[in-house]
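The values are calculated or read from the model by the stated rules, or taken from the named source; none is laboratory data. Since this is a predicted model, take the numbers as computed values, not measurements. Methodologically, a virtual Cβ is constructed for each residue, glycine included, from the backbone with ideal geometry; neighbour enumeration extends over all protein chains shown. With ligands, DNA and RNA removed, areas are computed over all heavy atoms of the protein, side chains included. Shrake-Rupley method; radii C 1.70, N 1.55, O 1.52, S 1.80 Å.
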Amino acid sequence: MASLNSHAKDLSRFWQGKILWDIPMAQFSTLKVGGPAEAVISVENIEDLTRLHHWLKENDIDWWIVGRGSNILVPDKGLTGVIIVLAGEFRSIEKLSIKPLSSGEEKVLIRAGGGCSLSKLVSYCTAQSLTGLEFGVGIPGSIGGAIVMNAGAWGCDIGSLVDSAILMDSDGNIATKQGKNLGFLYRKWSMGKNTILLSATLAFRPGNKENIKDTCRKYQELRHNNQPVAEASAGSFFKNPPDDSAGRLIDEAGFKGFSIGGAKVSETHANFIINTGTASAANILDLMHVIQQEILKRFGIKLEPEVHILGGGLNQS
Ligand code: EPU
């Protein structure tokens, strides 16, 4: 894979839409760190994405899909290649059908684009009195990012709601897959690297609007009480190890409030690394390594980051 360098002019000629050059990735990441991306392109529809994907492949250029940037850590040296932002029709939500279930209940199928924000879908479901996604309130991601990492909270995850999804594989081929074939596990799916989620059809149940609002309010309150929601972070930094909690282990090791440069372990929840305003990506990575080493030494547990550290592979985050 190559950087854009010598291809920048070709890209300007090829791509009719707007290209943003050398844009600091800090503005595309909720951690607010990260050096410049060579080029950022917003893509409005599948046809344009297919053309761009083909061009990037033909020229062997790195590319990255970035959604709300709520689960990424971009290195200070930035990213080579093209950042693709799914906009336009990738942000739409549409009601497809209502299907009766054998239990006598109904399921309502809603299609959402990969670039649509999860919070927009939560609001849509509330307005339409559809239940199932209340757990997603306050999760700051895109549908694509949420599905790729099987985002979850309060014992629920998005994978269990996915009826089917339209995907583009690494060769640019588009296919529909059933949700049960996406291989959802704790905080990941099992699709190949470089698979792009174009849209997903999720199944919800008709519910009572006031109950849905109450549940959302309850989850928001829990989040506000237990997590540093007002600070720059990428949510939980580490995955929970099997049958344990990263937050509990980091807390027990005495890390709350510990900082390296502008990166600090939250005093509210030990599994949140926050940018106090001056953090570099290196500060965050250093803090991550110190925590991992200490937790391994004390408890014999290797904590894996939940945050996608960009630079070593392609991603939809
Ligand atoms: N705990 C501590 N100290 C802390 C934080 C937590 O002792 O500083 C203890 C808690 O008392 C509790 C246990 O650790 O007994 C688990 O903590 P919590 O209930 O906060 O849940 P979590 O496992 O840390 C997970 C998700 C969150 C999600 C919450 C609520 C992961 C990695 N994180 O957190 O998801 O919001 O449950 O359901 O699975 C995210 O993925 O970005 C995220 C925020």
So Leu303 ticks every box in (1) in contact with a Gly (Cβ under 9 Å, 6 or more places away or on another chain); (2) buried (at least 22 other Cβ atoms within 10 Å of the Cβ); (3) not aromatic (Phe, Trp, Tyr) but one. Which box is left unticked?
(1)
Only one of (1) open to solvent by less than 80 Å² (accessible area, probe 1.4 Å); (2) part of a strand (DSSP E or B) is not met by Ala26, so which one is it?
(2)
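Quick check on the stretch 1-60: of everything there that is among the basic types (Lys, Arg) and farther than 24 Å from Asn71 by Cα, which residue is modelled with the lowest pLDDT? Full working, then the answer.
Going residue by residue through the stretch 1-60, those that are among the basic types (Lys, Arg) are 9, 13, 18, 32, 51, 57.
Next, only the ones that are farther than 24 Å from Asn71 by Cα stay: 9, 13, 18, 51, 57.
Details: Lys9: 87, Arg13: 91, Lys18: 92, Arg51: 97, Lys57: 95.
So, considering only residues that are among the basic types (Lys, Arg) and farther than 24 Å from Asn71 by Cα, the one modelled with the lowest pLDDT is Lys9.
Please go through the stretch 151-160 and give me each residue that is more than 10 Å from the ligand (Cβ to nearest atom) and either among the polar types (S, T, N, Q) or at pLDDT below 95 (or both), ordered by number. Walk me through how you get there before you give the answer.
So the first thing to find is which residues in the stretch 151-160 are more than 10 Å from the ligand (Cβ to nearest atom), and the list is 158-160.
The one that is more than 10 Å from the ligand (Cβ to nearest atom) and either among the polar types (S, T, N, Q) or at pLDDT below 95 (or both): Ser160.
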Identity of the residue in the stretch 288-316, within 13 Å of the chain's Cα centre (by Cα) and within 14 Å of the ligand (Cβ to nearest atom), that ends up modelled with the lowest pLDDT:
His308
Being assigned to a helix (DSSP H, G or I) and open to solvent by less than 10 Å² (accessible area, probe 1.4 Å) is the filter here; which residues of the stretch 54-96 pass it?
Leu56, Phe90
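Residue by residue, here is whether (1) in contact with a Gly (Cβ under 9 Å, 6 or more places away or on another chain); (2) open to solvent by less than 20 Å² (accessible area, probe 1.4 Å) holds:
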residue	(1), (2)
Ser119	yes, no
Ala127	no, no
Leu130	yes, yes
Phe135	yes, yes
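Restricting the stretch 255-271 to residues that are assigned to a loop (DSSP other than H, G, I, E, B) and open to solvent by 10 Å² or more (accessible area, probe 1.4 Å), which is farthest from the ligand (Cβ to nearest atom)?
To start, the set of residues in the stretch 255-271 that are assigned to a loop (DSSP other than H, G, I, E, B) comprises 255-258, 261-262, 266-271.
With the extra rule that they be open to solvent by 10 Å² or more (accessible area, probe 1.4 Å), the set shrinks to 255-258, 261, 267-269.
Details: Phe255: 9, Lys256: 6, Gly257: 11, Phe258: 12, Gly261: 21, Glu267: 8, Thr268: 7, His269: 5 Å.
Ranking the candidates gives Gly261 first.
Conditions tested, residue by residue: (1) under 24 Å from Gly144 (Cβ atoms); (2) open to solvent by 30 Å² or more (accessible area, probe 1.4 Å); (3) among the acidic types (Asp, Glu).
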site	(1), (2), (3)
Lys218	no, yes, no
Ala234	yes, no, no
Pro242	no, yes, no
Arg248	no, yes, no
Ala253	no, no, no
Thr278	no, yes, no
